[in-house]
1. How many residues are without any contact (Cβ under 8 Å) to a residue 24 or more places away in the chain and touching a helix residue (DSSP H, G or I) at 6+ places or on another chain (Cβ under 8 Å) if we restrict to the stretch 238-254?
2. Out of the residues in the stretch 104-121 that are at pLDDT 95 or above and over 18 Å from residue 187 (Cβ atoms), which is surrounded by the fewest Cβ atoms within 10 Å (Cβ to Cβ)?
3. Does residue 124 satisfy being over 30 Å from residue 41 (Cβ atoms), surrounded by fewer than 23 Cβ atoms within 10 Å (Cβ to Cβ) and without any contact (Cβ under 8 Å) to a residue 24 or more places away in the chain?
4. Would you call residue 259 in contact (Cβ under 8 Å) with a residue 40 or more places away in the chain, outside any loop (DSSP other than H, G, I, E, B) and over 30 Å from residue 6 (Cβ atoms)?
5. How many residues are surrounded by 12 or more Cβ atoms within 10 Å (Cβ to Cβ) and over 23 Å from residue 98 (Cα atoms) when one looks only at the stretch 232-252?
6. Just checking, how many residues over the stretch 15-27 are in contact (Cβ under 8 Å) with a residue 40 or more places away in the chain and in contact with a strand residue (DSSP E or B) (Cβ under 7 Å, 6 or more places away or on another chain)?
7. Considering only residues that are surrounded by fewer than 19 Cβ atoms within 10 Å (Cβ to Cβ) and modelled with pLDDT under 95, look in the stretch 160-174 and name the one that is nearest to residue 105 (Cα to Cα).
8. Does at least one position in the stretch 187-201 carry a residue that is closer than 18 Å to residue 253 by Cβ, assigned by TED's automatic domain parsing to the domain that holds residue 155 and loosely packed, with under 14 Cβ neighbours inside 10 Å?
């Protein structure tokens, strides 16, 4: 029988690692990221996690986007990190999280990474990542990595406006998935890649990210702040910026925006 998704069962299974060494579990919360940022600002240690059965105000990367977060269906968690890195390197943690989630979900169905923070299955969003950081003086104080995974959502559970662009593990596998098992595996994979990042830098993460990406070499559009940039995707650089190659073979670094694949022109 599947274990109940609660604090006791999660603590038993994750407390021996760095990620999950302390579990803050909520039946309902506004946003796991909001609470994790508050905890980190008040002295919570690295690896502490916030996890909720339901969010009432889950957020996407852009502030006006809401992550649909009903109870009893999905995985909503935020991880507190305190790496000794430059603030400019923190972007790599978003891509690291993408790699960990892609490695996790690829055990259930084929997935692809969409720069900078989405995981797709069959072209539909199955998971998203929201990273927030705080700086003290010139130094990085802490980073909170929020991860949402659509686990046991049915197609009718999604709001109509996102039904055609979203999916879940249950939809892709036709099976209900244990959220306890999924959470344990996520924390272990995240810790694996986090230790690689700390010990070896971003390059191994970048290389793995590019293996999961399906836009490299394709003509793409990047939309952000009212500007549309077009070109061929050259992957990501050593700091996680998207590389966009124009018609004159010049490469531009893109730091933010929404990516879509277009037909070659």
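1. Kept after step one, since they are without any contact (Cβ under 8 Å) to a residue 24 or more places away in the chain, are these residues of the stretch 238-254: 243, 245-253.
With the extra rule that they be touching a helix residue (DSSP H, G or I) at 6+ places or on another chain (Cβ under 8 Å), the set shrinks to none.
Summing the residues that are without any contact (Cβ under 8 Å) to a residue 24 or more places away in the chain and touching a helix residue (DSSP H, G or I) at 6+ places or on another chain (Cβ under 8 Å) in the stretch 238-254 gives 0.
2. Within the stretch 104-121, the first condition is being at pLDDT 95 or above, and the residues that meet it are 104-113, 119-121.
Narrowing the set further to residues that are over 18 Å from residue 187 (Cβ atoms) leaves 109-113, 120-121.
Details: 109: 14, 110: 12, 111: 23, 112: 17, 113: 24, 120: 21, 121: 24.
So the residue we want is 110.
3. Spelling it out, it is not the case that residue 124 is over 30 Å from residue 41 (Cβ atoms), surrounded by fewer than 23 Cβ atoms within 10 Å (Cβ to Cβ) and without any contact (Cβ under 8 Å) to a residue 24 or more places away in the chain.
4. Working: in contact (Cβ under 8 Å) with a residue 40 or more places away in the chain: yes; outside any loop (DSSP other than H, G, I, E, B): yes; over 30 Å from residue 6 (Cβ atoms): yes.
Taking the combined requirement at face value, the residue satisfies it.
5. Here is the first cut: in the stretch 232-252, the residues surrounded by 12 or more Cβ atoms within 10 Å (Cβ to Cβ) are 232-237, 239-246, 251-252.
Of the ones still in play, those that are also over 23 Å from residue 98 (Cα atoms) are 245-246, 251.
Total meeting the criteria: 3.
6. If we filter the stretch 15-27 for residues that are in contact (Cβ under 8 Å) with a residue 40 or more places away in the chain, which is where we start, we get 17-20, 27.
Narrowing the set further to residues that are in contact with a strand residue (DSSP E or B) (Cβ under 7 Å, 6 or more places away or on another chain) leaves 19-20.
The qualifying residues number 2.
7. 165
8. We begin by selecting, within the stretch 187-201, every residue closer than 18 Å to residue 253 by Cβ; these are none.
No, the stretch 187-201 contains no residue that is closer than 18 Å to residue 253 by Cβ, assigned by TED's automatic domain parsing to the domain that holds residue 155 and loosely packed, with under 14 Cβ neighbours inside 10 Å.
The values are calculated or read from the model by the stated rules, or taken from the named source; none is laboratory data. Please read all numbers here as calculations on a predicted model, not as lab measurements. Positions of Cβ are backbone-derived with ideal geometry, glycine not excepted, and every protein chain shown enters the neighbour counts.
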